[in-house]
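Here the structure comes first, spelled out in structure tokens, and everything after it is commentary.
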Amino acid sequence: MLEIKENRLVYHYDAEEVWIEPWGADALRIRATKERQMPEEDWALRRRPHPCEMKYTETGAEISNGKIRAEITRLGKIRICSREGRVLLEEYCRNRRDVLDPKCSAIEVEAREFKPISGGDYHLTMRFESLDRNEKLFGMGQYQQPYLDLKGLDLELAHRNSQASVPFVISSLGYGLLWNNPGVGRAVFGKNIMSFEACSTKALDYWVTAGDTPAEIEERYASVTGTVPMMPEYGLGFWQCKLRYQTQEELLEVAREYKRRNLPIDLIVIDFFHWPKQGEWKFDPVYWPDPDAMVRELKDMGIELMVSIWPTVDKASENYEEMLEKGYLIRTERGFRVGLDFMGATIHYDATNPDARRYVWNKAKQNYYSKGIRVFWLDEAEPEYSVYDFDNYRYHRGTNLQIGNLYPVDYAKTFYEGMEAEGQKQIVNLLRCAWAGSQRYGALVWSGDITSSFESMRNQLAAGLNMGLAGIPWWTTDIGGFHGGNPEDPGFRELFARWFEWGAFCPVMRLHGDREPRQPQQGVTGGAACCSGAANEVWSYGEEVYEICRKYMELRERMRPYTRRVMEEAHEKGTPVMRPLFYMYPGDAKCWEIEDAYFFGPDVLVAPVLSPGAVSRSVYLPEGERWIEYASGKEYEGGKEYLAEAPLDTIPVFLRKGFRGF
């Protein structure tokens, strides 16, 4: 049965019902279920009703919305086309339901496969034809691999420390697709089949748009999932952090030293275990005796203070029993109720529970916000588990397999809504994970506990670019990497310098890391056993590196008006801050091949040095423009590749001619 009903196409056969409806300009939302009624959840999407055209055809029916059209046959097969009729997506099914289909086959593979799970949901697989072996695919979030183009990759749709699944993909064929399902699953971008999988769900749900350029596709996506707030002024400069400042005086002395040296700094961070126990969202007075005075002194220096928040609750903490009684903690299906065993047996607060969100925010408001702290580091946002048995955890909104990828969205929402209720307008909080829609809750995502190596640095470039394309424009890394790295090691000093140069051209310039050797324990109570790493300030790496750091900190400060303008684009249109070359020059075929350079905003091409010992690197400059090398002032013609000089203190940067510069 196929009918036009309530501004949507509705197909029904046996137990399955399919809805195809307009959802924003040039976009369609497609849902299917074998439940008795279509689930009402919108997940990442916001309501965007839009006029469209629908009609019956000889073979079935079609729906048109601006630049996109969907066709569904009387037997339920879906194709999605551009306005001109070019096929963008076609379901992959191999059966004999329609013997006139040229792809009729006896192998009996369904495009929309609902495999029942005894007692409840379905294991869902959605299959599409791979229409073009040369198609390029981008986005999908943050994965620890060096590939910008995702074609041929197999991606887990689940969060882990340093992995963030944000399942929006942009195709070189001119479409963007959001897998609008927060359950744990898998995406495979094969040469023969593209498939999305959910381990446990009640419905198929995806959103698709068509556009003439990647920018147009990205803006359509942002219009239905939201954009970031305007970045506050303290997000435009340099942020200082290390694992970890152990006392109030230690942190203040570092801040004072930055000021004594006349180095530009916007923010300093108090990392984890500044609390008595996990789940006690407050300063430990043994090591932080007067937070109010600390915040005042920092503000007098023009430095904002960020504090780390963990979602973990220790069984021995003062809030555990109350949170347990009220149902504010994640549950386990088997074994002890422990999610993360680090410095105590803990379980995470259930961010999908609105009452739990209000409870945690009120603790943070009382113990941090009331003291003038306006920016939070929401760590462990996946959430991180000691054992990633996704089938062992249950949340207020469902099982982890069903909805687990929502956790970082609701974690960000906890603080965003609390801060917004206090009247704060420009909200940014640092998180270690995200899902589709996180951006609208002020989420600045960083790439997690990565290793300190050139290989890792290369992976982060791909991660940052694909996060931006997945709709998360605020992204950063730990400059120098997190794990390892001795400030006295010449090899690490080289890596640190290269990473610091690149950090000046990331959305947020943030220094962090757990350096070697580890420092002696200070104190015996609270979080004292979580020892600090070695020094990680810009003067910790020798005089040569220090001068490089100063140079790029000052450059970042000169860039402030430009960076502010780039942040306005992200806020207004959802435009990534870091953009692959093809985003700016989609008509230049060569730009679709470049994976190791990018644009910071519309006018600045950045080519990080990603290998040890290199003192030059090749850089392709897009055609149709002339380019000015920032370091030398030389002018170059676009459409060609050049060898750029890159001594240790220089990252190759080219400015589009006509741009006024910094």
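The values are calculated or read from the model by the stated rules, or taken from the named source; none is laboratory data. Everything numeric in this text was worked out from a predicted model, so none of it was measured. Here the Cβ positions follow ideal geometry from the backbone for every residue, glycine too, while neighbour counts run over all protein chains shown. Areas reflect the complete protein model, heavy atoms only, side chains present, ligands, DNA and RNA absent. Shrake-Rupley method; radii C 1.70, N 1.55, O 1.52, S 1.80 Å.
Overall shape of the chain was characterised from the C-alpha gyration tensor. The equivalent ellipsoid obtained from it has semi-axes of 42, 32, 20 Å, in decreasing order.
Counting protein heavy atoms only, the chain has 47 percent of its accessible area on carbon and sulfur, 1.4 angstrom probe.
Taking the DSSP bridge list for region 187-322 and keeping only pairs wholly inside it, about 35 percent are antiparallel. The long axis of helix 354-367 is offset from the longest Cα principal axis of the chain by roughly 10 degrees. Taking the Cα centre of the chain as origin and assigning +1 to Lys and Arg Cβ atoms and -1 to Asp and Glu Cβ atoms, the resulting dipole is close to 960 debye. Look at where the Cα atoms of region 617-662 and of region 323-352 average out, and the two centres are 52 Å apart.
Given in Å, the Rg to one decimal and the Dmax to the nearest whole number for the Cα atoms of region 46-105 are 13.0, 40.
Divide the volume of the convex hull around the Cα atoms of region 78-230 by the residue count and you get 145 Å³ per residue. The alpha carbons of region 287-360 occupy a box of 51, 27, 17 Å along the principal axes, longest dimension given first. Stokes-Einstein diffusion of region 348-400 at 10 °C, 1.306 mPa s viscosity, Kirkwood radius from Cα pairs, rounded to a whole number: 124 µm²/s. Applying the Karplus relation 6.51 cos²θ - 1.76 cosθ + 1.60 with θ = phi - 60° to region 617-631 yields 3J(HN,Hα) values of 7, 7, 9, 8, 10, x, 6, x, 9, 10, 10, 10, 6, 5, 5 Hz, where x marks Gly and Pro. In region 249-334, the ratio of gyration radius to Kirkwood radius, Rg to Rh, stands at 1.13 when only Cα atoms are counted. Phi angles of region 84-89 translate, via the Karplus equation with coefficients 6.51, -1.76, 1.60 and θ = phi - 60°, into HN-Hα couplings of 7, x, 6, 6, 9, 9 Hz per residue; Gly and Pro are given as x. Size check on region 304-431: the Cα extents along the three principal axes, sorted descending, read 42, 30, 24 Å.
May I ask you to order 273-281, 186-194 by the average number of other C-beta atoms within 10 Å around their residues, highest value first? Let's see the in-between values first.
Numbers: 273-281: 23.2, 186-194: 16.2.
Per-residue Cβ counts within 10 Å, averaged per peptide and sorted highest first, yield 273-281, 186-194.
Over all pairs of different C-alpha atoms in region 102-183, the reciprocal of the mean inverse distance, the Kirkwood hydrodynamic radius, equals 15.0 Å.
Taking every DSSP beta bridge that has both ends in the chain, the antiparallel portion is near 85%.
Taking a quarter of the surface of the Cα convex hull of region 213-258, what do you get in nm²? Display every interim value, and only then the final one.
Numbers: hull surface 23.0 nm².
Over all viewing directions, region 213-258 projects a mean Cα-hull area of 5.7 nm².
Can you work out the base-10 log of I(q)/I(0) for region 364-467 at q = 0.14, 0.22, 0.24 1/Å, using the Debye formula on its C-alpha atoms alone? Each listed q corresponds, in turn, to -0.66, -1.18, -1.25. How far is helix 248-260 tilted off the main Cα axis of the chain, in degrees rounded to 10, range 0 to 90? Around 80 degrees separate the two axes.
Quick one: compute the contact order of region 106-210, relative version, from alpha carbon pairs under 8 angstrom and 6+ residues apart, as a percent. Write out the running numbers ahead of the final one.
Working: 217 pairs, mean separation 32.2, N = 105.
Normalised by residue count, the contact order of region 106-210 is 31 percent.
Taking all protein chains into account, the per residue accessible area for the chain stands at 36 Å² (1.4 Å probe). Gyration tensor analysis over the Cα atoms of region 371-427 returns equivalent ellipsoid semi-axes of 28, 13, 7 Å (largest first, whole Å). Scoring 98-106, 574-582, 67-75, 256-264 by mean Cβ neighbours within 10 Å over their residues and listing the highest first yields 574-582, 67-75, 256-264, 98-106.
Computed with a 1.4 Å probe on the full set of protein chains, the accessible area for Trp539 sits at about 70 Å².
In whole percent, what relative contact order does region 221-329 give with Cα contacts below 8 Å and a gap of six or more residues? Mind showing how you got there, number by number?
Details: 121 pairs, mean separation 29.1, N = 109.
Result for region 221-329 is 27 percent.
When the trypsin sites (Lys or Arg not before Pro) in region 628-662 are filtered for DSSP coil states and for at most 11 other beta-carbon atoms within 10 Å of their beta-carbon, the remaining sites are Arg660.
Approximating the spin labels as points 7 Å out from Cα along Cα→Cβ, the Ile107-to-Val286 distance works out to 6.4 nm.
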